[in-house]
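Data block below; observations after.
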Amino acid sequence: MFSDQRLAELNQPLLAEHQTQFQYTAESPRLRHADVAAVVQKLIDFQVAIPSWALGTGGTRFGRFAAGGEPATLEDKIGDVGILQALNRSSNSISLHIPWDIPQDIPGLQQLLKEKGLVIDSVNSNTFQDQKDQPQSYKFGSLSHTDKAVREQAIQHNIDCVRYGKQLDAKTLTVWLADGSNFPGQSHLRRAFLRTQESLAAIYEAMPSDWTMLVEYKPYEPNFYSMVIPDWGTSLALCQALGQQAQVLVDLGHHLPNTNIEQIVGRLRQFGRLGGFHFNGSMYGDDDLTTGSIKPFQLFLIFNELVDAALDQSVPAEAVAYMIDASHNVKDPLEDLLQSVENILSAYAKALLVDREALAEAQEANDVVRAEEILRDAFLTDVRPLVSEAYLRAGGAIRPLAAFRAEGAREKLIQQRGKHSVSTGL
Ligand code: AOS
Ligand code: ZN
Ligand code: ZN
């Protein structure tokens, strides 16, 4: 849909204004301390994975309102991420969820991924639902279940996920467990943890040596009394017991209100155990809203920790997997994802603009107000021209969302796939 030529046509009317704005920002005396060209290059290099399950409308337990033109197959989903990538050149990978995305025609999928310039970054296992014809039920847990037969089924499912992932050159297995209990006394808390650790170890052993296992935590939902992996401490303990290929995954929505997530991120980086993110926006809990829509300052502070850690020689270098985990009830899913990626890039750009030398001085001198003002200066900078410049230089659209609309992309997808097509994911 978005050929290079079409993108050039869509960019043409915006070009002059963009150049003026970019120039103005790049030459702003407020950014004297920053290397703007280097910031733009870092934005160009930054990639965030798109979850296959966020390409359709999610709905809630009360209802679901289809967007129309939703992807029904893995091929369609790759097509959708291809649209995002053509527009913003910052979404070159896809997270799969098994069994929603079981790859069938491997050579065909590989070809399609190549054509669109995409890779599969991670495979997510699903032991939170029972599948048709599945012998054992996950009603009372999966990797933590009291019954060995259920645990073995869940372990095998995770091993199968790795096998599917290998077919498409993925290198990451993400494990999120719904396991827990709804009432006091229902579950033996320590034993449930130990059984989980044992199950994860069996999966870890079966994983190729160049794979990473990401262990996601979540304080509540679907279980409301206890979750087996409720917090980053539990994830970290499991990862330390498993080995260096096991890393903690931080989903921004998986914290109780007012948790200092940036500090968790800083700690995990320091310990060499920050494996990746599930980005989303959160007002109350696991809301899975557009990343940066509710707490943009928090998103900036998270990136501030990441940028700071990357500059610190004493912090172990590690590959962090940046992924979105979102769900859409009222927005067009693709528009939402374009907004999310842009908000992520903006937060990153602002973090890159922090005057780190001045901040370190203010911190050493305990100058609270000055230190805070330095962060606020960066946060309040309008970085949209820098983000647009990155899109443009990478070959994308100056304004991806506007291009998506100008092209009538959703209408075209509806023409192709129908008004009532339903995505296979949640
Ligand atoms: C669930 O709350 C988690 O965020 C998982 O990452 C989950 O696999 C994903 O949201 C898809 O349902
Ligand atoms: Zn998640
Ligand atoms: Zn979640």
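Residue-level analysis places Q167 among those that are touching a Pro at 6+ places or on another chain (Cβ under 7 Å), away from ligand 3 (no atom under 16 Å from the Cβ) and not aliphatic (A, V, I, L, M). Checked against the criterion of being basic (K, R) and part of a loop (DSSP other than H, G, I, E, B), the stretch 267-289 contains one or more residues that satisfy it. Only one of (1) more than 21 Å from the chain's Cα centre (by Cα); (2) surrounded by 17 or more Cβ atoms within 10 Å (Cβ to Cβ) fails for R191. Which number is that? Of (1) more than 21 Å from the chain's Cα centre (by Cα); (2) surrounded by 17 or more Cβ atoms within 10 Å (Cβ to Cβ), only one is false for R191: (2).
Applying the set (1) within 19 Å of H328 (Cβ to Cβ); (2) part of a helix (DSSP H, G or I); (3) over 19 Å from the mean Cα position of the chain (by Cα); (4) not hydroxyl-bearing (S, T, Y) to E75 leaves exactly one unmet item: (1). Selection over the stretch 78-98 of residues that are in a helix (DSSP H, G or I) and farther than 17 Å from G56 by Cβ gives a count of 4. Within this structure, F277 fails the test of being over 22 Å from W53 (Cβ atoms), within 14 Å of ligand 1 (Cβ to nearest atom) and modelled with pLDDT of 95 or more.
Looking only at residues in the stretch 25-74 that are closer than 30 Å to Q415 by Cβ and hydroxyl-bearing (S, T, Y), the one that is surrounded by the fewest Cβ atoms within 10 Å (Cβ to Cβ) is T60.
Taking the criterion of being over 14 Å from L194 (Cα atoms), under 21 Å from the mean Cα position of the chain (by Cα), assigned to a loop (DSSP other than H, G, I, E, B) and within 16 Å of ligand 2 (Cβ to nearest atom), the residues of the stretch 219-255 that qualify are P219, Y220, E221, P222, P230, D231, L252, G253, H254, H255.
Considering only the stretch 111-143, how many residues are away from ligand 1 (no atom under 16 Å from the Cβ), on the phi < 0 side of the Ramachandran plot and not aliphatic (A, V, I, L, M)? Of the residues in the stretch 111-143, 11 are away from ligand 1 (no atom under 16 Å from the Cβ), on the phi < 0 side of the Ramachandran plot and not aliphatic (A, V, I, L, M). Given the structure, is E115 farther than 30 Å from R190 by Cβ and surrounded by 24 or more Cβ atoms within 10 Å (Cβ to Cβ)? The answer is no for E115.
Among the residues that make up the stretch 193-200, is at least one of them of a type outside the set (A, V, I, L, M), assigned to a loop (DSSP other than H, G, I, E, B) and under 27 Å from V265 (Cα atoms)? No: zero hits.
The rows are residues; the columns are (1) within 16 Å of ligand 2 (Cβ to nearest atom); (2) farther than 28 Å from F224 by Cβ; (3) touching a Lys or Arg at 6+ places or on another chain (Cβ under 8 Å); (4) among the acidic types (D, E).
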position: N124; (1), (2), (3), (4): yes, no, no, no
position: Q134; (1), (2), (3), (4): no, no, no, no
position: R151; (1), (2), (3), (4): no, no, yes, no
position: L177; (1), (2), (3), (4): yes, no, no, no
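The values are calculated or read from the model by the stated rules, or taken from the named source; none is laboratory data. Please read all numbers here as calculations on a predicted model, not as lab measurements. Glycine also receives a Cβ, built like all others from the backbone with ideal geometry; neighbour counts cover every protein chain displayed.
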